[in-house]
Each structure stands twice: as C-alpha cells, then as structure tokens.
1. Which value, in Å², gives the accessible area per residue of the range 279-389 when a 1.4 Å probe is used on the protein heavy atoms?
2. Ordering Y512, Y141 by accessible area with a probe of 1.4 Å, largest first, what comes out?
3. Taking the simple approach of a point 7 Å from Cα along Cα-to-Cβ for both H258 and E175, what is their distance in nm?
4. Mean 1/r over all different Cα pairs, inverted: what Kirkwood radius does the range 233-305 give, in Å?
5. Share of Cα-Cα pairs in the range 137-266 beyond 22 Å, in percent?
6. Taking all protein chains in place and a 1.4 Å probe, what share, in percent, of the accessible surface of the range 370-516 do carbon and sulfur account for?
7. How high is the FRET efficiency from M412 to I496, r the C-beta distance, R0 22 Å, rounded to 0.05?
8. Identify all lysines with a Cα-Cα distance to K212 below 19 Å; exclude those on the same chain that are fewer than 8 residues away in sequence.
Amino acid sequence: MAAGEAQSWVILEDSVRMGRAGLGVAVGCAVVTCAIAAALVGRRARSWWRWGKAVEVVQGFEAGCATPVGRLRQLVDAMVVEMHAGLASDGGSKLKMLPTFVDVLPDGTEDGIYYSLDLDATSCRVLKVELRGRGSKTINYKVEQNKIPPELLTSTSEDFFNFIALELKKFVEREENDFKQISKARMELGFAFPFPIRQSSCSSGALINWTKGFAVEDVVGKDVSRCLEEATSRNGINMHVAALVNDSVGTLALGHYHDKDTVAAVIIGTDTNACYLERMDAIIKCQGLLTNSGGMVVNMEWGNFWSSHLPRTDYDIALENECASRNDQGFTKLISEIYLGEIVRRVLCRIADELSIFGVSTHQLSVPFTLRTSMMVAMLEDNSVDLQEVGRILRESFEISDTSLKARMLIMRVCNTVIRRAARLVAAGIIAILKKIGRDGYGSTSTGRTQGRSRRTVIAIESGLYINYLMFREYLNEAISEILGEEVAQNIVLKISEDGPGIGTALLAALYSSQR
C-alpha cells in the first residue's frame, strides 16, 4: 500500500473512533440530563404531595373545631341544664354554681380608702383605691404587681400567706406617711381569690380545691380570709378582709359600678370564669336563705363545663390526657389563653414531624407550651405581603428559618381556627347565662319559644384577647348575633372592665365594710 493510502486509512480510523466517543458522550449527557430531570420531577411531585397532605391535616383540624350555629345552640342549652343542676345541689353538676353572699353591688355611693389583693396564676397585685362617694364614680387608685416565686405554689400555708402579707405591708408602708399610726387602726381589704371557695359569708369561705398549678399545703378546707388575716397580724399590720370574692365577681362589681345594666361578668386570661346575678328562689341549694335584694351573685366556675357538643379534636384530647387536671377544666382548655397556643403548637408539630414542610430544624417547636397565645395574636395581626412578623417569630422563637410564604399562610390558618373556636364558645357561654336569667329576648309558651321584648343587658368582660385582638371581638360578636338574631343581639353590650378583679374587689370591700 502506498504511503498516501496508509495515511488516509489512519485518518479514517481516527475519525471513526472520535465519532464513537462523541456519540458515547452525547448519549451519556442525555442519560444524565434525563436522570436530573426525573429527580427534579420526583422532588417536585413529593413536594406537591407533602403540601397536599399538610393542607389535608389543617382541613381536618378546621372540621373538628367547627362551631356552626346549630352546635352553639346545643351548647347553650347544655350549659343552662348544668346551671340548673348546679344551683339545685352541690355536686349535681360540673358547674359548681357557688353562692357568693354578694347580694347587692356597688352603685357610686361608696367612699373612703380601701386596699385589695388580686391573685392570679403567677403574681399578686396589691391596690390602694380611693372612692369619693356621692355618685361621683371617680376612682383613684395605685397598683403594684409582685411575681409569686414558683416554689411558693407548693409551699406551706404559712409561707404562702406570709409572702402575700409582707408584700401588702410593704405597699402600705410606701403609701401611708404615718405607717406606725395607721397600722394600729384596722384597715378594710378586698381579697380577689381566683379559686373555688365555699363561702359562709361575703367575707369568709373555705377553699374547695386548688387550680392553676397551685398545691399549697394545709389550705384546702380552711377559711382563706382567716389565713390571710393571721398572716397580716404576724407581719404587724391590722387588715380585715371585708370581701372575699372570685376575680369574676370583682369584675362584675366594677362593671355594675359604672353601668347598672351589668348583670354578669366574664374573665378570659390564663384561666376563665363567669358569674352573674341570680334570683334567690332559683338557688335551690340555698333554700331558706333570704337577702334584702332578693338576689345573689353566683360564681359559676364555668371553666369546668363539659358537654359532648364541645368541638374537640385529637389534639385537644391528647392535651387533656397529658394534663395534671385530666377530666377537669374542659371548657378552660378550649378558650383560655394558656392553652390556645399549645393547641396550635401541637398541630404544627404533626405537620413538621410527618411532612417536613418547615425544614429540618424544628426541635424547639416540640417543647410544650412554648408557643404562647401572645405569639398567635402577633402572627394573626401580620398584614405584610410576605408575612414578615410570622417569619420573625418562627426564626427567633423556634429557630425555624427560611419558611416559605405558603408555610406561613398555613400557620396563620391554624392560629385563626383556634382563636375563632374560642371566641364562639365564649359567646355560647354568655348566651347561656342570658337564657338562664331570661335576658335572651325570648319567652316560653305552651307552643314553644316566642320572641319577646329584649332589655339592654351589659356583660363586663376582662380579657387580654378581647381588649387587644380585634378579630376575637368580631368573632365573639358575630356568634352572639348568629345565635340570638341581630335584633336581640343589638341589646347585648360587652363592656371592657380593666382591673376589674382588683378595683372591683376594693369596691365590694367598701360596700361590705364593717365601718359602713
């Protein structure tokens, strides 16, 4: 073979080999491209599936929390039945319906200087209230809040009441110029005690049981007023408990002081309760007891209300089973501030654990009671386009960063469901009270219920949710209108009663003071 031909064959063979290699590379690239595309499609499909399942979880939760008007009316009727049973006999109902021996309420004629103590789950508030009388309705007051050391919640009676008495003494020393002289005279005190007590007068009563995590020794069954008076005496201050009442009764007293159409009060905070003015002849378990007014304020202890009509979900039931107060305080766990954030947290934990839509760093979210109701409200009030406040709370409180807008919107949806359910259940409770005392705009006939003339009726309400969160108010008022109808509902007035337990209890101390 000539040299030229041999060279041509070499060139041809090299070209073939290069062509085969190029084809192999092209085929390899195509395979890799297809694999990447398949992986992306698979990943996107899994993402769509996760979001679909997350939405299903939220939709199921919303269905479980639903409060259509028919269910709310069933709850109204169920609570009225329980109210009747509780008024008939002790232990006859989940609602304790405790007589308070408060048969008249402040009207503006009270005058003088009075002190009050207002306990709650974490603090002791001390107030000095100055009343001018003669219908002026002017109240001057000073208040100081002291945190209760956690160890005192499980301490002895002496240690617990000594702490309260000492804080009261310090406050009086700062307020009175001549403490030595005034401490010798007997001062009148109102004591807002937010635990169930069986009262023997408006100024004395025995503790039935502790709630809110309290477990102070040697107090159950004892006269709470005497425990406090003995402690003040030990600490060199002469205080007489002129009024021992539940915090809801103090709220009712302040509401009535400003508006005589006030017939009931509701508190929604770390705990919840309600009271109202009842006819004496309806309090069957107090048969034979007469009052000058013919009525008496009844402390419902409505946090313990239970009915099969309450809209409970698997998350609520799981929380119930894990609480120390199992099978107790069922209504409280659906409407009080301490539990609302926890229910939201449990829903979000399930979504995070099963579907991983919040990223990998969700361990902080698994800690019970870390999502507070105040956080829920802050998130629900986020009006920014990309929900920046929701993202900030998730990042700073739970170390969950880079959440998508869809995830933030889903969280908002869960928060809104819990808040709406709580507000509508409170509305049902309020209407149950109105129905019990004949203020729901209806009368009874042999053929059934017929609408009658409605009277202006005021409910005093103390609630951070109601005061600070517009949507809670709107949901509550909306439910009242749905249940009663707009014509009747327009005569139902909910009035904010800030510092009701503290100031209202001082008003009752003035009203029932031995010096009057």
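1. Accessible surface, normalised per residue, equals 46 Å².
2. Y141, Y512
3. Each label point is offset 7 Å from its Cα along the Cβ direction, giving 2.0 nm.
4. Result for the range 233-305, one decimal place: 14.1 Å.
5. In whole percent, the long-distance tail amounts to 42.
6. Summing carbon and sulfur atoms, their accessible area is 45 percent of the total for the range 370-516.
7. 0.25
8. Those lysines meeting the cut-off are K94, K96, K147, K222, K333.
The values are calculated or read from the model by the stated rules, or taken from the named source; none is laboratory data. Since the model is a prediction, treat every value here as computed from it, not as a measurement. Ideal geometry is used to build each Cβ from the backbone, glycine not excepted, and the neighbour counts take in all protein chains shown. These accessible areas exclude ligands, DNA and RNA; they are computed on the full protein's heavy atoms, side chains included. Shrake-Rupley method; radii C 1.70, N 1.55, O 1.52, S 1.80 Å.
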